[in-house]
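J.: Sharing a structure with you now.
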Amino acid sequence: MKKYLVIFTVMITLFFSGCTNRKDDPTIRIAEQFGLAYAPLQIMKEKKILERINPKAKVQWLKLGNTAAIREAVLSGDLDIGFMGIPPFLIARDKGMPWKIATGLSSAPLGLVVPSGKYTSLRDFGEHAKIALPQPGSIQHILLAMACEREEGNPALLDRHLLSLKHPDGMNALLSGAVEGHFTSPPYLFLESDLDDFEILISGEKAMGEPFTFIVGGVTEEFYGDNPVLYNDFLKAVRQSINFISENKNETLDILSEVYSMEKDKLHDLLYRPEMDFGTSVKGLEPFISFMHRNGYLDQELSQESVLF
Amino acid sequence: MKIRFLLWPAAFILFWQLLYLLEIFPPLVFPSIWEILRQTGADLASGELIKGTLYSLLVIFAAFIPSLIGGFLMAFLSVKFSFSERITETAAALAHPLPGIALLPILILWTGLGIHIIVLIVIHSVLWPFYINIRSGFKDVPRLWLDFGKNNSLNGREEFLYILLPAAFPSIFAGVKIGWARAWRAVISAEMIFGTIGSAGGLGWFIYNKRIFMDTPGMYGGVFFLMLIGLVVETFLFRKIEKRTAIRWGGTHVSS
Amino acid sequence: MSHLKVENLSFSYPVGDGRHIVLEKLDLSADKGDFISILGPSGCGKSTLLRLLSGFLRPEEGQVTLNGSILSSPFPEGQMIFQDTNQLLPWLSVENNILFPRFRSLLGSAEKKLSENDRLLLETIMDKTGLLSFRHHFSAQLSGGLKQRVSLARAIFAQPQILFLDEPFVSLDAPSRYELQNLLLNLWKKGGWTVFFVTHDISEALILSDKMLLFTGDGKGPLLITNFLESPRDPHSEQFRKEKLRLYSLIDSL
């Protein structure tokens, strides 16, 4: 019995250690994500932009469910680069995850969508009104709390009303009247606020008081140290992908309409709105850090250097 | 029995700690047993873990009662009337394999948002195993025992109370056991998808939050606590009941 | 005194397009205290007749009367004992199984509420059937022979007028079978019940019964044969063997 346990342990150990062995070829593993704000990644993958910059690089794309799964994959060594909103990135960094922001990817309008003409301020939500947003600690959650602090002086004002729902479920809930508000991002923000019956009560930018980057790319310190060339090639690829979107609209729409299975006209309307701003700069880091630290989401007041490469 | 009961958890803890010491996984995703214990202790002391567990238990309880009643009614009707059997059998065949989570959008559309959604999902996941087991329990009662009842002029009520119910008990009890496991699965996964941020939440929400805020030791603590509940209920409740009933009666429904 | 009477009884069941006739215009009467075997090869309708006599089946034509009133359903005064050894209720102890027919609503507290007479009756029956030390056992813990003993005790405690036994000992090994046959005979001699005993074993019928209803399979219905062998009947005696051969030839000749 004991003998078997030992053998079993050894086997499991070998099995797991086999998984994490590094290979000689420079490999880069990136999480593939859906959503308008991640469009440059899709272009980079489909057009093989990184492979063209660095023909020796082995590029692997992984599909993962959500932010938490991406962070865990990065931690377990299965992923080198993960893209997400600034707050979930900071939460991980704060807990000691050895990674930093390598690049921004996109800025996009976020906001709280409510039924038209019903609300004029955040105080107006009734006792039983519910507001849907993706998950606690998400950029949507933090921005709403910021809005509550800025407008009403109490970041926890709406906490009792918050309901965690995925974007599509949240949109259904809003349209069916099950919730009174949905704090969301494109394309759902566009789809909802385009309807006459709904309007944006407060935008993310207003909540924060300044423009901010929506999606950033985090890279492990290990990858940064081990593969300086590939790291720079990757940044170059991000920039080229962003340029590709603005320069080759037609091909971009061909690629993305296929991937998102969406009509080209509709996609064109959503992707090329002026508010959708793809770019590598990272804005709004400081206000996020200080707000999240002040409200207990972060244990430490992280410095810029500890967060950015 | 007592020793075996402790052996597996002990082996598991040793194995966990060994993996931790080998540093195969980064400690941020694979913390040591002591960190897990410390964080679990803190979550117990703050009442967060207990509250979440009680909350989930309350949801399960709220779902069990109507499910048992519904399962009994449906089984009873389908044993009595063949047209009702056709309806419930079709409903069970269609609905049983459907994961409760798949119903979430429809439930929100029809009933609005609230804690009742999770209760409904749990009801969905336990009602069908209840019904199927209760029905087969009733249907499988040997004719011999019913004949014995007829021989002694039992009326309908007596036949139900003194023959059908005890005869079907092992099967009904197996249904309750399946229901209990399914209920936990449903409540945990529903809470992870659909949670209320500001107010109270169950154990699933607790685990989900720990994961989102990367409190990994706390997350494992929640998972282990969940397993502990399962182990305790299985060992100290289900096994005991089975020893007094199905096993003593030489029943055929001991497993599952 | 004839108390169970069968008049003009017919019964058949559907087979394909037609019907298989099991009984046609059978007349029969049993006196109190008769021990009647229903004898014949398997599938000839022995059990059907027993179910008709005990009210589990309704006749197509004719009627069965008990003390003058027509039978339409099973009745506690006629206790059935089945061939299957699983007829005990497995969730009840031996004692509670025996108490069930008369005290089912009191089980658990029956001990306190039993009258002195019933308590005495229970003890006597358990003693006579050799079950005293198995009082708190469950049927899953009992051998086949013991289970049938409990079934017998249960039927007797119900204070019946008639016992209907459907090959009750057929699944037992030879020694237990012999033991139980003797037990049944002894109990019957004191209890005085009318007994209908289905069997396909000629020896068993000869040992136990005074009258035999012999199904011959020719469609004419059973023959009533009186057993003149004196009891106690020794299966190894010359007379017994002769009688057995005679019955065999009756079946074979048809």
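J.: Could you order peptides B:231-237, C:97-103, A:191-197 by the average number of other Cβ atoms within 10 Å of their residues, highest first?
T.: C:97-103, A:191-197, B:231-237
J.: Once you average over the residues of B:206-215, how many Cβ atoms of partner chains fall within 10 Å of each Cβ?
T.: That works out to 5 on average.
J.: Net charge within 10 Å of residue A:148 by Cβ-Cβ distance, Lys/Arg positive one each and Asp/Glu negative one each, not counting residue A:148 itself?
T.: Combined, the nearby Lys, Arg, Asp and Glu give -2.
J.: While we're on this one: I need the shape label for region A:149-304. Rule: rounded when a/c is under 1.5, else prolate if a/b > b/c, else oblate, with a, b, c from the alpha carbon gyration tensor.
T.: Taking the square roots of the gyration eigenvalues as a ≥ b ≥ c, region A:149-304 is oblate.
J.: Straight-line reach from residue B:139: which lysines have a Cα under 19 Å away, not including same-chain ones fewer than 8 places off?
T.: Counting by Cα, and skipping residues close in sequence, residue B:139 has these lysines nearby: B:80, B:150.
J.: About its Cα centre, how strong a charge dipole does region C:85-159 have in debye, to the nearest 20, once Lys and Arg get +1 and Asp and Glu get -1 at the Cβ?
T.: Here the size comes out at about 160 debye.
J.: Which pairs break 31 Å Cα to Cα here: A:48/A:264; A:166/A:236; A:56/A:266; A:236/B:210; A:95/B:51?
T.: Those over the limit are A:166/A:236; A:56/A:266; A:236/B:210.
J.: Right, here's the next one. Mark the label point 7 Å from the Cα of residue A:197 along Cα→Cβ and return the residues of region A:103-122 whose backbone N is within less than 12 Å of it.
T.: A:115-116
J.: What does the average come to when, for each residue of peptide A:174-186, you count the partner chain Cβ atoms lying within 10 Å of its Cβ?
T.: So the per-residue partner count for this stretch is 2.
J.: Would you report the distance distribution of C-alpha pairs in region A:168-255 as whole percents per 10 angstrom bin, up to the bin with the largest distance?
T.: Percent of pairs per bin, in order: 13, 27, 28, 24, 8, 1.
J.: Another question, then. Residues of region A:143-171 with backbone nitrogen within less than 19 Å of a virtual label 7 Å along the Cα-to-Cβ line of residue A:210, please, listed as ranges.
T.: A:143-151
J.: Quick one: net charge around residue B:133, please, counting Lys, Arg +1 and Asp, Glu -1 for every other residue with C-beta under 15 Å from its C-beta.
T.: Once all neighbours under 15 Å are counted, the net charge is +1.
J.: Among C:17, C:27, C:234, whose mean-square fluctuation peaks in a Gaussian network model of chain C (Cα, cutoff 10 Å)?
T.: C:17
J.: Provide a whole-number value for the mean count of partner chain Cβ atoms within 10 Å of the Cβ atoms in peptide A:158-169.
T.: For this peptide, the per-residue mean of nearby foreign Cβ atoms is 5.
J.: Mean Kyte-Doolittle hydropathy of -0.5 or higher plus an axial Cα length of 27 Å or more: which whole DSSP H helices in chain A meet both?
T.: A:2-20, A:228-247
J.: Short version: ³J(HN,Hα) in whole Hz for each residue of region A:302-309, in order, from phi by Karplus 6.51 cos²θ - 1.76 cosθ + 1.60 (θ = phi - 60°), x for Gly and Pro, what are they?
T.: 5, 8, 4, 5, 6, 10, 10, 6
J.: On to the next question. Any chance you could tell me what percent of the C-alpha pair distances in chain A go past 37 Å?
T.: Of all Cα-Cα distances in chain A, 21 percent exceed 37 Å.
J.: With the Cα gyration tensor of chain B giving a ≥ b ≥ c as the square roots of its eigenvalues, does the rule (a/c under 1.5 for rounded; else a/b larger than b/c for prolate; else oblate) give rounded, prolate or oblate?
T.: oblate
J.: Please work out the Kirkwood hydrodynamic radius for the protein assembly as shown, using every pair of different C-alpha atoms, and report it in angstroms with one decimal place.
T.: 33.5 Å
J.: Divide the volume of the convex hull of the Cα atoms of region B:88-130 by its number of residues and quote the answer in cubic angstrom per residue.
T.: So the per-residue Cα hull volume is 69 Å³.
J.: Most mobile of A:126, A:181, A:217 per a Gaussian network model of chain A (Cα springs, under 10 Å)?
T.: The residue with the greatest mean-square fluctuation here is A:126.
J.: Tally Lys and Arg at +1 and Asp and Glu at -1 over the other residues with C-beta under 13 Å from the C-beta of residue B:233: what net charge comes out?
T.: Charge balance near residue B:233 sits at +1.
J.: Residue A:135's amide H: which non-local residues (gap 5+, or another chain) put their own amide H closer than 5 Å, with H modeled 1.01 Å from N in plane and none for Pro or chain starts?
T.: A:141
J.: In addition: Among the aspartates and glutamates, select those whose C-alpha is under 13 Å from the C-alpha of residue A:45, and discard any that sit fewer than 8 residues away in the same chain.
T.: Cα-Cα hits under 13 Å: A:32.
A short reminder: the numbers here are calculations on the coordinates, not readings from a lab. Not measured: the values here are computed from a predicted model. No Cβ is skipped: glycine too gets one built from the backbone with ideal geometry, and neighbour counts run over all protein chains shown.
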